[in-house]
Amino acid sequence: MERWSAQWISLSDMMTGLMLVFLLLSVFVMSEIQKKDNDKKQLLVEYTNSKKELYNDIKKAFEEKEEEWQMQIEDDLTIKFTNPDVLFEPNSPQLKENFTNILNDFIPKYLEIINSHKYKNNIKEIRVEWHAWKCTDEEYLVCLNLSQERANNVLITLFKNPSFIDLPKTNKTKMKFWLTSNWMSNWKNLDSDWNYVYLSRWELDASVSRRVEFRIVTNSTELIEKILIKEKLHNNQK
């Protein structure tokens, strides 16, 4: 009887030991999962905060000029100049004098913000765009060509601005890498709530659809890649 009792105690001790092992493994696994989730959250928080800070800097720099310049600053880091009567000569790629003057005031402040050291790893591209508002199928290519010339002329105006010319060589090289001119014809018309007509299915609003945009594209793709790399490293360490 004592022999069976001793064996039963040994078996109980073994089961207790196994339960402790499983408990420790569970705690370790949960800890690793929590650490991985915290890493993801930290990356997302840093990205969100940086994007918000960039928006706030742009808003602060130009909020006093928004009404005067008829400029809209969006939280997706897009700046829209929306008065077509101020922008270009009719049916011409030539900038009106008033818009040239606006850009000459706008560009130095804009370049100062985006060249700030704190944003050097957050910007992937800066798109200079012209959006037409109404083109028939027969006129589409004509509109596209005019859109191209207008977007290019806005970008050329930026390149000719003294604030760009005087940039340090490294910053100028970075800016040339970031900057692109994009011509949209009437691909992305807007409704009266500033939403894309293609998505809202509402009637287009010509007063906001014809516009020049400066749009910052952030490196959200790189953020996703960082998260995936951390995920891969974590899985390889298992």
| request: Kindly indicate whether Glu53 is charged (D, E, K, R), within 30 Å of Arg150 (Cβ to Cβ) and at pLDDT 90 or above. | output: no
| task | Report whether or not Ile58 is surrounded by 19 or more Cβ atoms within 10 Å (Cβ to Cβ), assigned to a helix (DSSP H, G or I) and in contact with a Leu (Cβ under 9 Å, 6 or more places away or on another chain). | result | yes
| Which ones in segment 75-109 are hydroxyl-bearing (Ser, Thr, Tyr) and in contact with a Ser or Thr (Cβ under 9 Å, 6 or more places away or on another chain)? | Thr82, Thr100
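Looking at the structure I just gave you, is Thr173 of a type in the set (S, T, N, Q) and at pLDDT 90 or above? Give the derivation first.
Working: of a type in the set (S, T, N, Q): yes; at pLDDT 90 or above: yes.
In short, yes.
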| Here is a list of conditions, (1) charged (D, E, K, R); (2) in a strand (DSSP E or B); (3) modelled with pLDDT under 80, and Glu138 meets all of them except one; can you say which number that is? | (2)
| Close pairs (6 angstrom Cβ cut-off, 6 or more residues apart or separate chains): without any contact (Cβ under 8 Å) to a residue 60 or more places away in the chain and surrounded by 14 or more Cβ atoms within 10 Å (Cβ to Cβ) in segment 184-212, of a type in the set (A, V, I, L, M) and not in a strand (DSSP E or B) anywhere | Ser185/Ala132; Ser185/Leu144; Asn186/Ala132; Asn189/Val197; Asn189/Leu204; Leu190/Val208; Asp191/Val197; Val197/Leu204
| task | Sort out which residues of segment 84-98 are in contact (Cβ under 8 Å) with a residue 24 or more places away in the chain and in a helix (DSSP H, G or I), and write them in order of number. | result | Pro84, Leu87
| task | Filter segment 156-214 for residues that are closer than 20 Å to Ile58 by Cα and part of a loop (DSSP other than H, G, I, E, B) and give the result. | result | Asn161, Leu167, Trp194
| message | Quick check on this structure: which one of Ile79, Ile107 is part of a helix (DSSP H, G or I), surrounded by 19 or more Cβ atoms within 10 Å (Cβ to Cβ) and in contact (Cβ under 8 Å) with a residue 12 or more places away in the chain? | response | Ile107
| Tally time: how many residues in segment 110-122 are outside any loop (DSSP other than H, G, I, E, B) and either surrounded by fewer than 14 Cβ atoms within 10 Å (Cβ to Cβ) or modelled with pLDDT of 90 or more (or both)? | 7
| message | Show the residue pairs meeting these rules: Cβ distance below 8 Å; 6+ apart or different chains; first residue within segment 43-64 and touching a residue at least 60 places away in the same chain (Cβ under 8 Å); second residue assigned to a loop (DSSP other than H, G, I, E, B) and not hydrophobic (A, V, I, L, M, F, W, C). | response | Tyr47/Asn122; Ser50/Asn122; Lys51/Asn122; Leu54/Asn122
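The values are calculated or read from the model by the stated rules, or taken from the named source; none is laboratory data. All of these numbers come straight from a predicted model, not from anything done at the bench. With ideal geometry, Cβ positions are generated from the backbone for all residues, glycine too; neighbour counts draw on all protein chains shown.
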